[in-house]
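Just below is one structure, and these are the notes that go with it.
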Amino acid sequence: MSSAFLIIDQQPISLAQALGYLQVSGHLQPFLLEILHQHVLSHAVKSQVAFSPAEIEQRLIEFRMDYQLMNADEFQRWLIDRGTDYETFRQQFVWDIAVETLKDQICQPNLQAVFLQRKSSFDRVVLSWIGVSVEAEVQSLQQQIAAGEEFEQLVDCLRSQQPDTITALSEVLTWEELPEVLREAIQKTPQEARLGALIGPVAIDDYWYLVQLEDWLPAELDEELEAHLADEIFEQWLTEKVEAMTVQLSVK
């Protein structure tokens, strides 16, 4: 029994057997990768992050205040509802703030440079579009717009008369979310003439599209984008650390 990793219905399961289950099910690699990530984080936290007991207690108090858990009985019920106890919760809480602090140390010095490097991909555009399955039909629509038909009125008309037509008005998308063929079509339009320009017809996924570019919103490093970039930078840092490691699976 001493070599058992788990005991299920009084049947011992060895570590090798458990890993075999994971391998057959295709879950071994993610399982091992998570172990490697935690190993990297554990070493980095120990060497780079330090909190005083007073700081930890202050963070715990702030957490309980934020979630209205200052009452001892309510806090105890909250812990029970989550299947944990105070000591386990405290360990997880300290770990989480330590990793978050480490993440800030790694990401903050690089955020501005990464943002400037990739700024154009985070620019947003405001688009309206009409998509039809027949090329001749989209050419007819293009002629109607050239003759003075308002794009918005045409969209409203198509929505009521041809509900299978793909339409949208004033949709906001990031530049990197656009299909490549649409990005290329927009870039071919002179920059000074892009706003209000009619783009297309453009073939995307078996449909022909007319697209009106209504506005161009330059990216700003706001809180949401900063969090997105920080996640990317931190994930890349973890990946590089793991790739530099020598790993051997030793199971008897």
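Structure notes:
- Considering (1) more than 32 Å from the chain's Cα centre (by Cα); (2) in a helix (DSSP H, G or I); (3) among the hydrophobic types (A, V, I, L, M, F, W, C); (4) under 30 Å from L249 (Cβ atoms), the lone condition that A54 does not fulfil carries the number (4).
- Which listed residue is under 28 Å from the mean Cα position of the chain (by Cα) and either farther than 14 Å from W129 by Cα or outside the structural domain of E150 (by TED's automatic domain parsing) (or both), from A193, A185, A230: A230
- The number of residues in the stretch 165-192 that are in a helix (DSSP H, G or I) and of a type in the set (A, V, I, L, M, F, W, C) comes to 5.
- Of the residues making up the stretch 193-202, one or more are at negative phi and in a helix (DSSP H, G or I).
- Of the set (1) out of contact with any Lys or Arg (no Cβ under 7 Å at 6 or more places or on another chain); (2) of a type in the set (V, I, T); (3) touching a residue at least 24 places away in the same chain (Cβ under 8 Å), all apply to I61 but (3).
- Boolean, A219 is under 30 Å from Q105 (Cα atoms), under 26 Å from the mean Cα position of the chain (by Cα) and without any contact (Cβ under 8 Å) to a residue 40 or more places away in the chain: no
- Within the stretch 8-34, the only residue that satisfies the criterion of being within 38 Å of the chain's Cα centre (by Cα), assigned to a strand (DSSP E or B) and surrounded by fewer than 11 Cβ atoms within 10 Å (Cβ to Cβ) is I8.
- Counted residues, the stretch 107-155 - those being surrounded by 13 or more Cβ atoms within 10 Å (Cβ to Cβ), over 22 Å from R194 (Cβ atoms) and either touching a helix residue (DSSP H, G or I) at 6+ places or on another chain (Cβ under 9 Å) or not assigned by TED's automatic domain parsing to the domain that holds L195 (or both): 6
- When residues in the stretch 71-107 are screened for being closer than 30 Å to L229 by Cβ and among the polar types (S, T, N, Q), 4 of them pass.
- Candidates are the residues of the stretch 203-246 that are assigned to a loop (DSSP other than H, G, I, E, B) and modelled with pLDDT of 90 or more; the one that is surrounded by the fewest Cβ atoms within 10 Å (Cβ to Cβ) is T246.
- Within the stretch 173-196, not a single residue is touching a Lys or Arg at 6+ places or on another chain (Cβ under 9 Å), more than 21 Å from L141 (Cβ to Cβ), exposed (fewer than 13 other Cβ atoms within 10 Å of the Cβ) and aliphatic (A, V, I, L, M).
- Applying the set (1) more than 29 Å from the chain's Cα centre (by Cα); (2) in the same structural domain as Y21 (by TED's automatic domain parsing) to L249 leaves exactly one unmet item: (2).
Conditions (1) hydroxyl-bearing (S, T, Y); (2) in a helix (DSSP H, G or I); (3) more than 23 Å from H37 (Cβ to Cβ), marked per residue:
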{"site": "L69", "(1), (2), (3)": "no, no, yes"}
{"site": "I80", "(1), (2), (3)": "no, yes, yes"}
{"site": "T88", "(1), (2), (3)": "yes, yes, no"}
{"site": "T101", "(1), (2), (3)": "yes, yes, no"}
{"site": "D104", "(1), (2), (3)": "no, yes, no"}
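- Subset of the stretch 113-149 [aromatic (F, W, Y) and part of a strand (DSSP E or B)]: W129
The values are calculated or read from the model by the stated rules, or taken from the named source; none is laboratory data. Nothing here was measured: the structure is a model prediction, and the numbers come from that model. Glycine also receives a Cβ, built like all others from the backbone with ideal geometry; neighbour counts cover every protein chain displayed.
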